[in-house]
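So the structure is just underneath, and the comments pick up after that.
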Amino acid sequence: MLVGVPFPPPAAAAAGASPTGACSQPNAVRTTRSSPLSFVPLNLVEQFHARPCYLYFLALIVLNQLPQLAVFGRAASAAPLLAVVAATAAKDALEELRRWRADGRANA
């Protein structure tokens, strides 16, 4: 046993790999909340979760589809909620696109 003599570095550390042997991820900024494929489902969940009144209007639309409870046209009952949800989704998509572009500039 030698006292005061440091151990030699492992071969992986000398080659520039991480000490655990795993590949390290690049350091990149990502502020977007979803991918293009997951935007629509996540946006709908977020909208209906953040605004419970949308669930009330959705229930009214479902009830209006029943012929015994229909007050006015079936499509007319869904139009207001669909318009508001579509407008909010378009606004959120624009914000998400701006975040994605800002991430690209920050990571460049």
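The values are calculated or read from the model by the stated rules, or taken from the named source; none is laboratory data. Source: prediction; values computed, not measured. Cβ placement follows ideal geometry from the backbone for every residue including glycine, while neighbour counts extend to all protein chains displayed.
If you go through segment 62-75 one residue at a time, do you hit one that is at pLDDT below 70 and among the polar types (S, T, N, Q)?
We begin by selecting, within segment 62-75, every residue at pLDDT below 70; these are none.
For segment 62-75, residues at pLDDT below 70 and among the polar types (S, T, N, Q): absent.
Is it the case that some residue within segment 9-28 is surrounded by 10 or more Cβ atoms within 10 Å (Cβ to Cβ), among the aliphatic types (A, V, I, L, M) and modelled with pLDDT of 80 or more? The answer is no; no qualifying residue exists.
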